[in-house]
1. Using alpha carbon centroids, what distance separates the range 118-148 and the range 149-205, in Å?
2. Please order Tyr188, Tyr63 by the number of other Cβ within 10 Å, starting at the fewest.
3. Order 48-61, 155-168, 115-128 from most to least packed using the mean count of other Cβ atoms within 10 Å.
4. Using 19 Å as the Cα-Cα cut-off, could you pick out the over-long pairs in Lys100/Lys145; Lys113/Lys133; Lys99/Lys145; Lys69/Lys99?
5. If packing is taken as the average count of other Cβ atoms within 10 Å, what order do 102-108, 141-147 fall into, highest mean first?
6. Find the relative contact order for the range 99-222 and round it to a whole percent, using C-alpha pairs within less than 8 Å whose residues are 6+ positions apart.
Amino acid sequence: MNKNILCNQYIFFIKLSQSQSLFLEINHLIIYNIKWSMKNYSLLKYLPNSYYNDIFLIPYKDYLDRGIKIIFFDLDNTIADYDTHYPDESVLDLFNKLKKDGFTLFILSNNHKKRVFNFGSALDSISFHSLAKPFKNRINKYIHKYNINKDEVLWIGDQVVTDIVLSNKLGILSVLVDPINPKTEKWYTKINRFFERLILRRINKMHSNEFIELGLNKRWKK
Ligand SMILES: [Mg+2]
């Protein structure tokens, strides 16, 4: 058989298996979130402890004074959009400043190894890829491996159904930020956004005081 045909077939099967595993993971995520919504587990578990427009507006000094020593940063649309492959100057400056202030910084992402490691090495931070947020198995392994005290951690992310749910499950203080550029999001993140809207709408109805106190009504209007 022609070498090129064999090669094309090989690439086709690799892509097929990748898309199947992605499909299974997405299905898992959808079922998980439906189960949570249906059971109406306390909706407050979807609420962050604080909300800011972006990572540059967070009062890190206040968190340091409260005993926070470690920051878990989500990657996609929290520190860079999906189309950006290297942190920009402002993010590099922020990470350098935070490290000087005494924070230990981690990057946590569901994205693939190469992208996450690129950012981790550029920002000189420990990075965890393919985390399968909101599931806690993988992150728990790292928490034990690095002997992390969860009371000293602040989790910053842009997604309610991954970052905030998982931080709440682990009892970690959380900050929700706006996505940098939602237009760059992949189709599976758009599915998450659909659930996020449903959940936030329900929280707005059931817990409007907490919703307004956090300023989430501003995110809602965007
Ligand atoms: Mg994200």
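Any read-out appearing in this document is the output of simple, stated calculations on the displayed coordinates, not a laboratory observation. Quantities reported herein were computed from a predicted structural model and do not represent experimental measurements. Here the Cβ positions follow ideal geometry from the backbone for every residue, glycine too, while neighbour counts run over all protein chains shown.
1. First find each Cα centre; the distance between them is then 17 Å.
2. Working: Tyr188 14, Tyr63 19.
Least crowded to most crowded, the residues run Tyr188, Tyr63.
3. Values: 48-61: 15.6, 155-168: 25.4, 115-128: 17.7.
Per-residue mean Cβ counts within 10 Å order the peptides as 155-168, 115-128, 48-61.
4. Long pairs (Cα-Cα over 19 Å): Lys100/Lys145; Lys99/Lys145.
5. So the peptides 102-108, 141-147, ranked by packing, come out 102-108, 141-147.
6. Averaging sequence separation for qualifying contacts and normalising by length gives 15 percent for the range 99-222.
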